[in-house]
């Protein structure tokens, strides 16, 4: 929504992601599309169009409906996604940072191949060596594909890229807005990873609404350090800047905090997005003035601490705007903005998004929806909601009811319409007959722990109360003092009485705390079998 309160664009106009990219590339042919800080190479929009057309021809030689993409954040991954779409296939984004069981990334590849019924996976020799991933049948390497392009293929692609837009559109695959544009996988932290089908309409509607909230345009440039296999990277860090014709400044290692701060200082992006974990790293490794070019900084995928927000304001005079979303919602559901910002909340719903809070105990004599200030299930409706989970009609029907997507999260709307996140429903535990939010416990710990000490909590079995809370902290602390301080913020049943030290909290590839692994480590530390 812009300052006049109108939608950013007419959402009804038909559009396909790869077709829109072609129009943008033709509009800004000499503009830099990618500054790939990992490889040290830059790519103009014209060259990006020519290469994606060449890749589409190379990848179009089989009858598969899907093609896997397992590449680090950068121009190679972006062009592969474009090439797959132009060839008429659906890109399946594969996580290389974590894996199933003991198989690592190769397990993710095999799982994706089986789940989505395909064989071909575009990956990189450099990546395979770096993550020590064994070869899986069906893998092809981007270095070989690009390096193997003949002079004739290159000339042909360049000639095609010079044709008028209508001619190029006839040469690539078309489709409908409700066709699947990509498949991304859920984390699998609670159960088997699900294949989320996102359509062109899903992604484009979310781009338009998010862009309107911050008045994004081709004049902006985007720092892209988030992995493209995660929706927070795939849409905001890839498709959003391509949609507007921005320059994407990419770097494939989001935890190389010092390097990223140098990139921000030197390349001067105007938009940065990240998780709290990454922003903490940037805050520690940056110098005053490094972020002077940044006009929008959005923090998502995990709770943004008050101390983190204050730290960026004190050091860089930058406001961190917190948002909320999910893979199944393309992803952004709500976000704070310069015009509407309530720190601590996750903002108001985007203009094309409907929100309601459903009472998890609704019944004949209990209202279905919660009133302002009362926590319940966060339910979402709009064009941003996925088509469904591939090959899992039962799970899809369980999560999308009467057009409303059940996020599986708890939260509440205040009287002004701001959404306050209370945590995953799975992160509520019953202790002594009362429901306790583990997120609320972590927020209280954040207030009382010494600076630089981070925490996560887990529930473990207890003979008397059924469950009890144990805290994992990254450094030794004065436990009795901490317990006394927590009494100011928490009821007694919610206060952890046992603390274990984990010098590093386990995290996912996107920087979020891996709560399942924390729980297992906590249980092992106190002598229980994990998941007992």
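Values quoted throughout were computed directly from the atomic coordinates according to the rules given, and no laboratory measurement underlies them. Keep in mind that what you see is a predicted model, and the values were worked out from it rather than measured. Glycine also receives a Cβ, built like all others from the backbone with ideal geometry; neighbour counts cover every protein chain displayed.
With an a/c value of 1.5 or above and a/b not larger than b/c for the gyration tensor axes a ≥ b ≥ c computed over the alpha-carbon atoms, region 312-423 is described as oblate.
With a cut-off of 16 Å on the backbone N, the residues of region 223-237 near the modelled label site 7 Å out from residue 267 along Cα-Cβ are 223-228, 233-234, 236-237. Grab the beta carbon distance between residue 117 and residue 20, set R0 = 30 Å, and tell me the FRET efficiency rounded to 0.05. So, using R0 = 30 Å, E works out to roughly 0.60. Beta bridges from DSSP with both residues in region 255-343: antiparallel share about 30 percent, rounded to the nearest 5. For region 432-525, the fraction of C-alpha pairs farther apart than 14 angstrom is 64 percent. Peptides 148-161, 222-235, 38-51, ordered by how many other C-beta atoms sit within 10 Å of their residues on average, highest first, read 222-235, 38-51, 148-161. With the simple model of a label 7 Å out from the Cα in the direction of the Cβ, residue 434 to residue 447 spans 1.5 nm.
Projecting label points 7 angstrom from Cα along Cα→Cβ for residue 402 and residue 169 puts them 3.9 nm apart. The simple Förster model, with R0 at 35 Å and r as the Cβ-Cβ distance, assigns residue 137 and residue 426 a FRET efficiency of 0.45. Normalising by the residue count of the chain, find the relative contact order in percent from Cα pairs under 8 Å and 6+ residues apart. Relative contact order comes out at 11 percent.
Ordering 455, 475 by the number of other Cβ atoms within 10 Å of each residue's own Cβ, fewest first, gives 475, 455.
Fewest-first ordering of 194, 387, 292 by other beta carbons within 10 Å of each residue's beta carbon gives 292, 387, 194. Relative to the longest principal axis of the Cα atoms of the chain, helix 151-161 runs at roughly 80 degrees.
The label point for residue 361 and the one for residue 464, both projected 7 Å from the Cα toward the Cβ, are 2.4 nm apart.
Rounded to a whole number of µm²/s, how large is the Stokes-Einstein D of region 151-254 at 20 °C and 1.002 mPa s, given Rh as the Kirkwood radius over C-alpha pairs? Don't skip to the answer; put the middle values down first.
On the way: Rh = 16.1 Å.
Here the translational diffusion coefficient equals 133 µm²/s.
Where both residues lie in the chain, what percent of DSSP beta bridges are antiparallel, nearest 5? It would help to have the intermediate numbers written out before the result.
Working: 47 of 77 bridges.
Taking every DSSP beta bridge with both residues in the chain, the antiparallel ones total about 60 percent.
For residue 501 and residue 310, FRET efficiency with R0 = 41 Å and r from the beta-carbon atoms, rounded to 0.05? Step by step, r from the Cβ atoms, then E = 0.95.
The chain: percent of C-alpha pairs farther apart than 46 Å? In whole percent, the share of Cα-Cα pairs in the chain beyond 46 Å is 12. With respect to the chain, whose longest principal axis is taken over its alpha-carbon atoms, helix 200-214 is tilted by about 70°.
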